[in-house]
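Presented below is the structure to which this report refers.
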Amino acid sequence: MSAPAGTDLAALGLRGAIAAIADALCAGLDPEADPPRSIVDVPAGQLLLMPASHDGYAGVKVATVAPGNPALGLPRIQALYLLLDAATLTPVATLDGTALTALRTPATSAVAVAHLAAPDAAHLLVFGTGPQAAGHVAAVRAVRPISRVTVVGRDPGRAERFAAEWGAVVGVPDEVADADVICCCTTASTPLFPGGLVRSTATVVAVGSHEPAVRETDDDLVARSDVWVEARSAAFREAGDLIDPVGRGVITPGHVRGTLSDLVTGRVAPRADRPRFFKGVGMAWQDLVVAAAAHRGSPSSPMG
């Protein structure tokens, strides 16, 4: 068997990835049916295996999370993706899984923001200075008329460089009080800001963790927000931002108002009298639909 061809994610682009995720949900993809990711702890971090199948394709991402890598000048998250023909399980393409993750996560958040954030949202505050923070600036700009971006980072030098690259200003956590959209894209294990400062008209997106004991947001924000997730099964398996307050009785599982599918299909409408909070952990179906969309757009695609 010949080696599978590569697929160009850049040709699909952010808007193409956003459309692929929204279209898949509108067409009936059920995120609750996504197989749980396998996570294996190893000395340097974690190995992740993420399989999925939908609409003529199957695929699997093998990812690594190595917390010590940034100090070595290497990405914290690295991955490879194998795309398969669902009918025969023949490999049809390989993709840079690191680039795929950097694309599909902000694209998923953009779908949520497009349905949750005020139409005139203008001020974006992003926590973090890495690839996901950058991707979320681009993603939120793609769906809302953002005219002001504030970045909050632990390293002042990195924050300044990020601000210069993305036309942002460096800020402090309490500036969430003036933000229309807040994106948490960090490796923090404890809440980044006081949730009580967030305006009732704001939207918060948290994507920095898929670990049950790790949080980027506090009890106050979660308890007073309209909460949305990719899938309830994944959220209550991996999202510390929800698992921890549920475990301590701050909220119940029923506090989650709905899923991304509910938003996209219009089955459930967000509330307008409180902050909207979308917690994403990253799911295999997102990798698959974005990889498949990129492959279909490739001139050499045998299925496209």
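Read the figures in this text as sums done on the coordinates, not as results from a lab. Quantities reported herein were computed from a predicted structural model and do not represent experimental measurements. Because the Cβ atoms are built from the backbone with ideal geometry, glycine has one as well, and the counts that use them run over all protein chains shown.
In region 105-283, Cα pairs under 8 Å separated by at least six residues give a relative contact order of 22 percent. Legend: P(r) of region 177-218 from all alpha carbon pair distances, 5 Å bins from 0, whole percents, reading 6, 24, 32, 21, 12, 4.
Computing Rg and the Kirkwood Rh from the Cα coordinates of the chain gives a ratio, Rg/Rh, of 0.95. To the nearest ten degrees, helix 97-116 and the longest principal axis of the Cα atoms of the chain are 50 degrees apart.
FRET efficiency for Ala164 and Ala122, Cβ-Cβ distance as r, R0 = 25 Å, nearest 0.05? The pair Ala164/Ala122 has a calculated efficiency of 0.75.
With the highest mean first, a sort of the peptides 212-219, 131-138 on other beta-carbon atoms found within 10 angstrom per residue produces 131-138, 212-219. Assuming charge only on the beta carbon of Lys and Arg (+1) and of Asp and Glu (-1), the dipole of the chain about its Cα centre is about 180 debye to the nearest 20.
Classification of region 120-229 by its C-alpha gyration tensor yields an oblate form. The axis ratio a/c (a ≥ b ≥ c) is 1.5 or more, and b/c is at least a/b. May I ask for the angle, rounded to the nearest 10°, between helix 131-143 and the longest principal axis of the chain, with both axes built from Cα atoms and the value confined to 0 to 90°? Tilt relative to the chain: about 80 degrees. Starting from the Cα of Arg148, step 7 Å toward the Cβ, then list every residue of region 103-126 with an amide N under 19 Å from that point. Answer for region 103-126: 117-126. Our estimate of slack between Arg237 and Thr88, defined as 0.36 nm per intervening residue step minus the Cα-Cα distance, is 50.5 nm.
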